[in-house]
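The values are calculated or read from the model by the stated rules, or taken from the named source; none is laboratory data. The structure displayed is predicted, hence computed values, not measured ones. Don't worry about glycine lacking a Cβ; one is built from the backbone with ideal geometry, like all the others, and counts go over all protein chains shown. Only protein heavy atoms, including side chains, enter the accessible area calculation; ligands, DNA and RNA are left aside. Shrake-Rupley method; radii C 1.70, N 1.55, O 1.52, S 1.80 Å.
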Amino acid sequence: MLKPLYPHNRKYIGAKTDLLPFIEEAIRMHAPAAKTALDPFAGTGVVAVHLARMGLAVTAADLLMHNALAARCFMGGRPGEIDWAQMAQRLTYLQGLEPVAGYATAVWGGTYFTPENAGRIDAIREAIAEWERRGEISPQELAVLLTSLVYAVDKVANTVGQYDAFLKHLGAEPYGADGRHRVDANVYRPLQLGLPQVVESVGCEALVADSLALVPGRPVDLLYLDPPYNSRQYIDNYHLLENLVRWEQPPVIGKTAKFERAALKSSFSSRRRAGTSLATLIRETRAGCILLSYNSEGIVPDELILGLLAERGRVTVYRRPYPIFGHGAGRSKRRPIEERLFVCDVESPPTIRPQ
């Protein structure tokens, strides 16, 4: 029996699952008549899916393919596009495959995953790739299958929630005598695929795209911005999942097995470029309302954010205490920060970029 799978069922830095009521309240106050929305930093897709459930036609995008595919999986399907009984059969078939030794086993086995689960990843990913090569699955079905695999992989990964490092005691008990996290408790369980629970609609889409190319000049009622807020690159944190989805099987380097990923790094995680990049989005959007999620530890100063938004219209700021995980590798203690929603009711026209 396949378990139901939802966008929030994975570990992701900065995911807004617990803040959805906070975001929805701001939207209903400032953009109650909105019909279209753009979310160019979709991440797990939890906000995009929530907006779709509210009835908006949503365009979700992300620089990373595994995030864009998840958004497509959960809110990009058209009614009747997928035979869900057949999809369940495919996932059940994949679940029953015997492990094989391939790329995943060679680069991730014994570090990020047990050898058995690495072999399961190889078997499942190669079967999906073969169906794609034969033309037996549609792009939407591919998004569903790969998203199910990504979420299953994330559940049994030997990490504390991201892939910039792995826990170095595979084979040990989950916690040491000193309380340090040595191995994730789920690591020894067999990888289990789930059945994604989707919002089928005719007006939603998901793209692999850079926000700086997507947002300027695009007419939309609501622009929801949730950019990276610190200098830690998301591709560094989730390189393994991106590599799995792309399945180009590139060479990897170092103990953490990262592939060459310079083209997938975001300017919003650069202290030097984040402010300029945010200015481009705010000044050049054609949205009727801008919602910017940015917490109190962000690298772009509040003064700059407020100044940029004030150029476009009336600005309101909403604040909410929000605990996050931190305090070092191997520890899961929470620390409090403040999540802010900067809302701009747009009044002035966008800036036209010189050609």
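So for segment 121-134 (the condition being more than 17 Å from W247 (Cα to Cα) and either surrounded by fewer than 15 Cβ atoms within 10 Å (Cβ to Cβ) or in contact with a Gly (Cβ under 7 Å, 6 or more places away or on another chain) (or both)), does at least one residue qualify?
Taking segment 121-134 first, the residues more than 17 Å from W247 (Cα to Cα) are none.
No, segment 121-134 has no match at all.
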Residue, nearest to N237 (Cα to Cα), within segment 28-41, restricted to residues that are open to solvent by 10 Å² or more (accessible area, probe 1.4 Å), hydrophobic (A, V, I, L, M, F, W, C) and in contact with a strand residue (DSSP E or B) (Cβ under 7 Å, 6 or more places away or on another chain): F41
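Residue by residue through segment 227-286, note down the ones that are small (G, A, S) and open to solvent by 40 Å² or more (accessible area, probe 1.4 Å). Give the derivation first.
Applying the first criterion (small (G, A, S)) to segment 227-286 yields 231, 254, 257, 262-263, 266-267, 269-270, 274-275, 277, 279.
Those that are small (G, A, S) and open to solvent by 40 Å² or more (accessible area, probe 1.4 Å): S231, G254, A262, A263.
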Members of segment 292-311 that are open to solvent by less than 30 Å² (accessible area, probe 1.4 Å), more than 26 Å from T36 (Cβ to Cβ) and outside any loop (DSSP other than H, G, I, E, B): N295
Pairs, first polar (S, T, N, Q) in segment 326-355, second at pLDDT 70 or above, C-beta under 6 Å, six or more apart: S348/R312; T351/R283; T351/E284
Selection status of A152, of a type outside the set (D, E, K, R), surrounded by fewer than 21 Cβ atoms within 10 Å (Cβ to Cβ) and part of a helix (DSSP H, G or I): no
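Mind counting the residues in segment 244-263 that are under 23 Å from S148 (Cα atoms) and touching a residue at least 24 places away in the same chain (Cβ under 8 Å)?
We begin by selecting, within segment 244-263, every residue under 23 Å from S148 (Cα atoms); these are 244-250, 257-259.
Pick out the ones that are also touching a residue at least 24 places away in the same chain (Cβ under 8 Å) and you get 244-247, 249, 257.
Looking only at that region, the number is 6.
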Residue pairs meeting the criteria (Cβ under 8 Å; at least 6 apart or on separate chains; first free of Cβ contacts under 8 Å to residues at least 60 places away in the same chain, in segment 213-241; second part of a loop (DSSP other than H, G, I, E, B)): Q233/K265; Q233/S266
A172 vs. criteria free of Cβ contacts under 8 Å to residues at least 40 places away in the same chain and within 22 Å of the chain's Cα centre (by Cα): no
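This table checks each residue for (1) assigned to a helix (DSSP H, G or I); (2) within 16 Å of L142 (Cα to Cα); (3) in contact (Cβ under 8 Å) with a residue 24 or more places away in the chain.
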site	(1), (2), (3)
L51	yes, no, yes
A60	no, no, yes
A71	yes, yes, yes
P79	no, no, yes
M87	yes, yes, yes
L91	yes, yes, yes
L94	yes, yes, yes
T105	yes, no, no
Pair list, Cβ < 8 Å and 6+ apart or interchain, from segment 271-291 residues that are more than 17 Å from L38 (Cβ to Cβ) to residues that are open to solvent by less than 20 Å² (accessible area, probe 1.4 Å) and of a type in the set (F, W, Y): A274/F268
